Amino acid sequence: MMKFKLKMMRITKSRIQTLYRLAALWSLCTLLHGAEEAPPVQIRYSLFDPLRGNHELFLMNAKTDELVPVMLADRSLSREAIPVKRFNGRVHFLRNDKLQKEELFKPDNVAFSVAVPDSVAQAAIVIIASGARLYPVLLDDSPGKFPFGHSRLINTTTVAVGVRAGEHKNVAPPGKIAPIPPVRQLNEYQQAKVSFECQMGESDSMVLSRKPLPFNDNKRRIWIAYMTKGAKRPVIATIVDSWRAPPEHSTSNKKSAVKNAESMNDLTF
């Protein structure tokens, strides 16, 4: 009787283990079957390199599987977007288009890469030069995320930089992006005063720039706070995007736009 019970216990234990294996295998098959390749992300880009100017870079067009040269626009976003595949969740900018396909994404041929979540359908990548290196800053440009009329302040310095644009003010901590909603309090010339300031050490706040700028819903600005060699305070540069993309850039989702304008985003470098 005891031997029979022991035998039954072994059979039961074996069956339970088999069921666990089958359940794990079923879960894996379900996961693999349900997993879909992330759709291409539409990329627009801009280069900010006050010293050297252009760079030879390439992206792989997801529609043609061909490498296309990145025609970097200085202080403006590229007019046309390129559909680009994500590799391991990242978009890679390549140095050379003459290599075999299997060699393209080797580390020596990747100038830099930037993480692009699957939820991002469209992105604006600002490429910022620092010394001999290039750093990409990702801005989610999906519908409703960065509407025309809005602005962004990218702070690449080690000090907090504040911005006041018309009735709005915000602070971008070091290595952060601060959003600025549309400016509505304008003078008779459709302008509003824009000022930037920072605090260096224990000194009083220092004004970096102050001037009136025109605002409307047909353009958006990306301000970059950066340091030059030997400088004692940050410098502000501007990227202006006045080209309205196809209908995906509609600003009809105002609630989404306001919600995103109140959020703070990390830089990607």
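Pairs only if they're at least six apart or on different chains, beta carbon under 6 angstrom, first in the range 209-232 and free of Cβ contacts under 8 Å to residues at least 60 places away in the same chain, second surrounded by 19 or more Cβ atoms within 10 Å (Cβ to Cβ); list them, first residue then second. Note: pairs meeting the criteria are 209/196; 213/194. Look at the range 30-59: where a residue is under 23 Å from residue 78 (Cα atoms) and at pLDDT below 75 and a partner is in a loop (DSSP other than H, G, I, E, B) and aliphatic (A, V, I, L, M), sitting 6+ places away or on another chain with Cβ atoms under 6 Å, you get 54/72. The residues of the range 180-201 that are among the acidic types (Asp, Glu) and exposed (fewer than 15 other Cβ atoms within 10 Å of the Cβ) amount to a single one, 188.
When the range 194-237 is filtered for residues that are more than 17 Å from residue 172 (Cα to Cα) and touching an Asp or Glu at 6+ places or on another chain (Cβ under 7 Å), the ones remaining, listed by number, are 219, 220.
Here's the yes/no breakdown for (1) touching a Pro at 6+ places or on another chain (Cβ under 8 Å); (2) not hydrophobic (A, V, I, L, M, F, W, C):
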{"site": "80", "(1), (2)": "no, yes"}
{"site": "107", "(1), (2)": "no, yes"}
{"site": "113", "(1), (2)": "yes, yes"}
{"site": "129", "(1), (2)": "yes, no"}
{"site": "145", "(1), (2)": "no, yes"}
{"site": "154", "(1), (2)": "no, no"}
{"site": "164", "(1), (2)": "no, yes"}
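Of the residues making up the range 168-179, those that are under 20 Å from residue 146 (Cβ atoms) and either out of contact with any Gly (no Cβ under 6 Å at 6 or more places or on another chain) or surrounded by fewer than 13 Cβ atoms within 10 Å (Cβ to Cβ) (or both) are 168, 169, 170, 172, 173, 175, 176, 177, 178, 179.
Hand me the list of strands (runs of 3 or more DSSP E) wholly inside the range 60-163 holding 1 or more residues that are within 19 Å of residue 180 (Cα to Cα).
122-130, 133-140, 151-155
Taken over the range 172-216, residues that are outside any strand (DSSP E or B) and of a type in the set (S, T, N, Q) amount to 5. Against the numbered list (1) modelled with pLDDT of 95 or more; (2) buried (at least 17 other Cβ atoms within 10 Å of the Cβ); (3) of a type in the set (Ser, Thr, Tyr), residue 226 comes up short only at (1).
The values are calculated or read from the model by the stated rules, or taken from the named source; none is laboratory data. Here the structure is a predicted model, which is why all the values come from computation and not from measurement. Quick reminder, even Gly has a Cβ in these numbers, built from the backbone with ideal geometry, and neighbours come from all protein chains shown.
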